[in-house]
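**Student:** Structure in structure tokens, see below.
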Amino acid sequence: MPAHTDFPIAIIGAGFAGIGAAIQLKKAGIHSFTIFERASEIGGTWRDNTYPGAACDVPSHVYSLSFEQNPSWSRRYASSWEIQEYLLGVVDKHELRERMRLHTEVIEARFDEETGTWILTLNGGETFTARAVIAGVGGLVDPSYPNIPGMDAFEGEMMHTARWNHDVDLTEKRVAVIGTGASAVQVVPSIAPIVSVLSVFQRTPAWVVGKFDALYPNWLRRFLARAPFFLRASRFVKYWTSELRGPIVFFNSKLLSRIGVALSMWNLRRQVQDPELRKRLTPDFQFGCKRVLVSDDYWASFERENVDLVTDSIQGIENKGIRTRDGRLHEADVLVLATGFKLGLATAPFPVVGRGGRTLDEAWAGGAVAYKGMTVAGFPNWFIMMGPNTGPGHTSVLVYTEAQISHALQAIKKLMAENLKYIDVRQEAQDEYNAGIQKRMKHMVWGGCKSWYLDDDGSNHSLYPGFAAEYVVRARRLRVEDYDTVSF
Ligand code: N01
């Protein structure tokens, strides 16, 4: 077996996936990795999303790494900054900074079949040669800015939720929020009490269920620190609760949808008394078709005198505010774009050139596909984290990520132990896997409405059509028979 220094590994991205992969490599005694991060700090989503109210809508005992459980979460659903603190702590504990290059963007990756190496070109023009690459670049990274006429004319402050400008004080300001997705349901109730007027522009209402957030008292946190069994038990219970509720969210079943609708309508009734307002906030698409949102106070915000739900469609943006099609000008000092993200899976984030000079964009021209969401035929020794069809609509994405880390680690260990040049997933294995995924999509609820889950042609290359537990069983073990192995 060659020395580890002969086996350089590139981890691209220092979010949950990249950090988790680095820890597991270290635990396996493999220290020859370098983490490349284009930003100035680690954290990914939790570094970027700092808008007021930003939090994870999956309980923190599940939304954390299973091998780095944290008894100190201050509440059931940790805020964005607390998750970022957790990640910073994990990075320090495992001394990952010494293997990390911040401000370093990979701008191209090219596979050299002769040497079985990936040549990564970095932003400064330098190259880095890796025997294996773990790509943890994230799926929802780059903000999606709407294309509304007149946006440049707006004279106030404008910011996207994922690029919050903390220098702008919203106190007593007139604020307009465009969008009513997962980010909006967090930002709206957080800023409603401090602004003078809040106009929320809703194009499509969302199904929202109760969150039941709660602070964890100090005694409980101390107890969980001393009795890790109970922390693991809490994780277990929360995980299985979300799994067992999953079918309500993902199966295309009128009966199951009715349960979801009943839960959401109960949540609406307890927050909003005005029947007319309730009607305007009630979606007309099947429960689960778009991401189901979680909040105890978003809908209640619209009962406040200073909050206005605007359902007339937007005609354009003007210097003083937003003009709707009914002719009304909604004046605003600050415009918040809660308009989501460009789905990163549709293309590779930078040119990735595999065997025979074929690019990942070419391989994905008909939609992003990968074997178990991780490996693509013709792109050997390249392991994607949170790749195509691995997103959950119902539980923690980290459950999927950990299975992917385990798969990549086994492949890397095999490459090293057997001194292989590369392993490349067999095209038939990839095709068979994806045919199965797309066949199952027909039984899922996501095809019935427009959302970021779907490509322009209506196909779904983002979510996994089933239970997380089932994905984990399929993905975490390397099935060697599904790969071609090539020796030096
Ligand atoms: O974005 P979204 P998000 N004019 O795409 C509207 C994750 N996340 O940032 O529905 C008017 O869901 C758009 O309207 P419509 C999570 O996976 C997780 O809220 O297209 N409106 C919609 O209402 C989530 O799914 C957490 O009709 C326009 C909104 O903008 C994903 O990120 C927290 C418009 C966009 O909603 C994205 O959530 C936050 C236009 N031109 C986010 N363009 C957790 O807690 C867009 N919209 C884990």
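The values are calculated or read from the model by the stated rules, or taken from the named source; none is laboratory data. All of these numbers come straight from a predicted model, not from anything done at the bench. All Cβ positions, even for glycine, are placed from backbone atoms using ideal geometry, and neighbour counts span all protein chains on display. With ligands, DNA and RNA removed, areas are computed over all heavy atoms of the protein, side chains included. Shrake-Rupley method; radii C 1.70, N 1.55, O 1.52, S 1.80 Å.
**Student:** For the stretch 145-165, name all the residues that are more than 10 Å from the ligand (Cβ to nearest atom) and open to solvent by 60 Å² or more (accessible area, probe 1.4 Å).
**Tutor:** Listed by number, the residues that qualify are Pro149, Asp152, Glu155, Glu157, Met158, Arg163.
**Student:** Can I ask one more? Looking at the stretch 314-346 only, could you name the residues that are under 25 Å from the mean Cα position of the chain (by Cα) and open to solvent by less than 70 Å² (accessible area, probe 1.4 Å)?
**Tutor:** Residues satisfying the conditions are Leu335, Val336, Leu337, Ala338, Thr339, Gly340, Phe341, Leu343, Gly344, Leu345, Ala346.
**Student:** Right, here's the next one. Taking the stated definitions as given, is Glu402 open to solvent by 20 Å² or more (accessible area, probe 1.4 Å), more than 16 Å from the ligand (Cβ to nearest atom) and under 16 Å from the mean Cα position of the chain (by Cα)?
**Tutor:** yes
**Student:** Just to check your reading of the model, which residue among Val188, Val200 is over 23 Å from the mean Cα position of the chain (by Cα), open to solvent by less than 20 Å² (accessible area, probe 1.4 Å) and within 16 Å of the ligand (Cβ to nearest atom)?
**Tutor:** Val200
**Student:** Identify the residue in the stretch 430-452 that is assigned to a helix (DSSP H, G or I), in contact with a strand residue (DSSP E or B) (Cβ under 6 Å, 6 or more places away or on another chain) and not hydroxyl-bearing (Ser, Thr, Tyr) and, among all such residues, is farthest from the ligand (Cβ to nearest atom). Outline the logic, then answer.
**Tutor:** Applying the first criterion (assigned to a helix (DSSP H, G or I)) to the stretch 430-452 yields 430-441, 445-448.
Then drop every residue that is not in contact with a strand residue (DSSP E or B) (Cβ under 6 Å, 6 or more places away or on another chain), which leaves 430, 433, 441, 446.
Imposing the further condition that a residue be not hydroxyl-bearing (Ser, Thr, Tyr) reduces the set to 430, 441, 446.
Values: Gln430: 26, Met441: 18, Trp446: 12 Å.
If we take residues in the stretch 430-452 being assigned to a helix (DSSP H, G or I), in contact with a strand residue (DSSP E or B) (Cβ under 6 Å, 6 or more places away or on another chain) and not hydroxyl-bearing (Ser, Thr, Tyr), then Gln430 is farthest from the ligand (Cβ to nearest atom).
**Student:** Looking at the stretch 216-234, I want the residues that are over 12 Å from Ser72 (Cα atoms) and have a partner that is open to solvent by less than 70 Å² (accessible area, probe 1.4 Å) with Cβ atoms under 8 Å, at least 6 apart or on another chain. Which pairs are those?
**Tutor:** From residues that are over 12 Å from Ser72 (Cα atoms), the pairs are Phe230/Leu224; Arg232/Gln69; Ser234/His61; Ser234/Leu224.
Residue-by-condition table, conditions (1) outside any helix (DSSP H, G or I); (2) of a type in the set (Val, Ile, Thr):
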{"site": "Ile259", "(1), (2)": "no, yes"}
{"site": "Phe285", "(1), (2)": "yes, no"}
{"site": "Arg291", "(1), (2)": "yes, no"}
{"site": "Arg304", "(1), (2)": "yes, no"}
{"site": "Ile317", "(1), (2)": "yes, yes"}
{"site": "Val336", "(1), (2)": "yes, yes"}
{"site": "Gly356", "(1), (2)": "no, no"}
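**Student:** Continuing with the same structure: Could you grab me the full set of residues in the stretch 166-185 that are within 16 Å of the ligand (Cβ to nearest atom) and either assigned to a helix (DSSP H, G or I) or touching a helix residue (DSSP H, G or I) at 6+ places or on another chain (Cβ under 7 Å) (or both)?
**Tutor:** Those that are within 16 Å of the ligand (Cβ to nearest atom) and either assigned to a helix (DSSP H, G or I) or touching a helix residue (DSSP H, G or I) at 6+ places or on another chain (Cβ under 7 Å) (or both): Val175, Val177, Ser183, Ala184, Val185.
**Student:** Quick test for you: out of Phe212, Phe251, pick the one residue that is exposed (fewer than 15 other Cβ atoms within 10 Å of the Cβ) and in contact (Cβ under 8 Å) with a residue 40 or more places away in the chain.
**Tutor:** Exactly one residue qualifies, and that residue is Phe212.
**Student:** Follow-up. Checking Ala39 against (1) out of contact with any Ser or Thr (no Cβ under 8 Å at 6 or more places or on another chain); (2) farther than 30 Å from Phe488 by Cβ; (3) buried (at least 18 other Cβ atoms within 10 Å of the Cβ), only one condition comes out false. Which one?
**Tutor:** Looking at each condition in turn, Ala39 falls short on (3).
**Student:** Please indicate, with yes or no, whether at least one residue in the stretch 220-238 is within 18 Å of Pro392 (Cα to Cα) and open to solvent by less than 60 Å² (accessible area, probe 1.4 Å).
**Tutor:** yes
**Student:** Cβ-Cβ under 6 Å, sequence separation 6+ or interchain: first residue in the stretch 272-298 and hydroxyl-bearing (Ser, Thr, Tyr), partner modelled with pLDDT under 95. Which pairs?
**Tutor:** none
**Student:** Does the stretch 47-55 contain any residue that is more than 13 Å from the ligand (Cβ to nearest atom), within 30 Å of Asp167 (Cα to Cα), surrounded by 22 or more Cβ atoms within 10 Å (Cβ to Cβ) and in contact (Cβ under 8 Å) with a residue 40 or more places away in the chain? It would help to see each step written out before you state the result.
**Tutor:** Residues of the stretch 47-55 more than 13 Å from the ligand (Cβ to nearest atom): 47.
Remaining after also requiring within 30 Å of Asp167 (Cα to Cα): 47.
Remaining after also requiring surrounded by 22 or more Cβ atoms within 10 Å (Cβ to Cβ): none.
No: the stretch 47-55 contains no residue that is more than 13 Å from the ligand (Cβ to nearest atom), within 30 Å of Asp167 (Cα to Cα), surrounded by 22 or more Cβ atoms within 10 Å (Cβ to Cβ) and in contact (Cβ under 8 Å) with a residue 40 or more places away in the chain.
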